[in-house]
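The block underneath contains the structure these notes are about, expressed in structure tokens.
No value in this document is a laboratory result; all are computed from the given coordinates. Just so it is clear, the structure is predicted and the values come from calculations on it, not from any experiment. Positions of Cβ are backbone-derived with ideal geometry, glycine not excepted, and every protein chain shown enters the neighbour counts.
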Amino acid sequence: MVTPEPDLDGMAWQNMTRTLAHYERLDQIGEGTYGQVYRARCKDTGRIVAMKKMRIHHGGYWGMPLQLIREIKILKRLHHPRLLSMIEVVTSKGVEYLDTDDPPLKSVGDSDKGSDAREAYKGNLFLVLEYVEHDLTGLLDVAYQFTEVQIKCIFKQLLEALAFMHENKYVHRDIKSSNILLNSNFGLKLADFGLARCIEPSILEQMKSSSNDRSVSSSSAEFTNKVITLWYRPPEILLGASQYGPAVDVWSAGCILAELILGKPLFAGKTELEQLHLVLDMLGTPSNETWDFFARMKKAKPSSSTSSPPLDLPSIRKDTPAKQSRLRDKYGDKLKGPALQLVEKLLEWDPRKRMTAANALQNGYFWKAPAAPDDPAELGQLDVGPDGHFHEFQTKKKRKEAKAAAEKVRSEAMDRGATEEEAEEEYDKAYTKIIKRVAQEGIS
């Protein structure tokens, strides 16, 4: 039996239970584990918002994902100018036909009436969030060149967000450039709290705990190590730590500062082992004391379904010759003075010695001229096209197109007898030209 579509134009939809019908979806700006993210317009107010779809039926399970429950609880509890805020949660139940990205409802037959009933009444939830025009990955994808003071201001806001979360006993566990949103006046919002967790110990645990280690949770609770996008993952997580704290976010933040200054990720590994070797090669080997700490730390069990098996630390330590940091030698022309010193403190191997977000805010890097303003709007506007909205989901398509066009230029140069170095220069020029045009014209 097919349920007729309600006549929304002929009814007072404003008085309905809040559903997808209250919003007009404009375009897709992202995609996550449980569904798409859209730019949308509220029919009541005309406000532009972001709508994050959360499928209730996903993969092999029915019901609301635990990650969604945690994200909603955190969004309701934590309020700060640098954290993305949630406006409301709406459903597609009753107006499923508006949820056009899901397949149509289907009957599974008389053999499984329970599943058929669940399918017929599933609906999906949509988190309605404030809309922010850009994410950092999107801007870096189009080769946006941030000035020194702009970088200071952006990074200061990120640290303010982290210091607030850590003070309230939460770790984000997914700090990466695509989760850092920027409006056209350089205002920052930290997004995506699906992996965030509260690390506040219970009263009993607090009584038992004698640890003053600020980098590791004082709770005896163990957490999954299947967190943090690989390029921003700290060594203790790579090595399988199951007990950790705010220091994991601080490492990720250090990677972000380096990425802002360099215009590219500092550690772009493809596997956990490669990622660790990239860190070892760039930052040098840790001290024996730190190696020993990694060996003693509690690790995820290899059989755990919620954690990845740890890397073979003894073999890695044995096979890795002692080496010094190459960070200053390789990037000293861009990472200079206080900026370099701050990155080194944030990317400290030992999480027990890693600088906290609150302490980083007091670092001299922010006060040395040009000092970061308290109000990001004092920096003016981002120099992008008038209709520019740059999010990773959209810009990665443009990046692929630019690479394909630049590769054609390279091939043509080689056919003309150019050397590999000359052909590479033509590739770089062609790619940069295309990407800069995207930055000025926007995403069509």
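Details
- Region 220-337: proportion of alpha-carbon pairs further apart than 16 angstrom, %: 63
- Close amide-amide hydrogen proximity is noted between residue 170 and 199, each under 5 Å apart and 5 or more residues distant or on a separate chain (H modeled in the peptide plane; Pro and chain starts excluded).
- Cα→Cβ-extended label distance, 7 Å offset, between residue 324 and residue 425, nm: 3.4
- Largest-first ellipsoid semi-axes for region 392-441, taking √(5λ) over the Cα gyration tensor eigenvalues, angstrom: 23, 10, 7
- Loop-located trypsin sites (Lys or Arg not before Pro) in region 382-423 whose Cβ has at most 11 other Cβ within 10 Å (DSSP): 416
- Theoretical gain in end-to-end length, residue 145 to residue 381 [0.36 nm per residue, Cα-Cα removed]: 83.6 nm
- Filter on 336/429; 73/226; 76/176 - keep pairs with C-alpha separation over 24 Å: 336/429
- Residue 31 paired with residue 433, simple spin-label distance in nm, labels 7 Å along Cα-to-beta-carbon: 3.1
- Backbone N within region 350-386 under 15 Å of label point (7 Å from residue 289 Cα along the Cβ vector): 350-355
- Computed over region 134-379, Cα set: Rg, Dmax in Å: 17.8, 53
- When you count the other C-beta atoms within 10 angstrom of each residue and take the mean per peptide, 241-254, 178-191, 326-339, 20-33 line up highest first as 241-254, 178-191, 20-33, 326-339.
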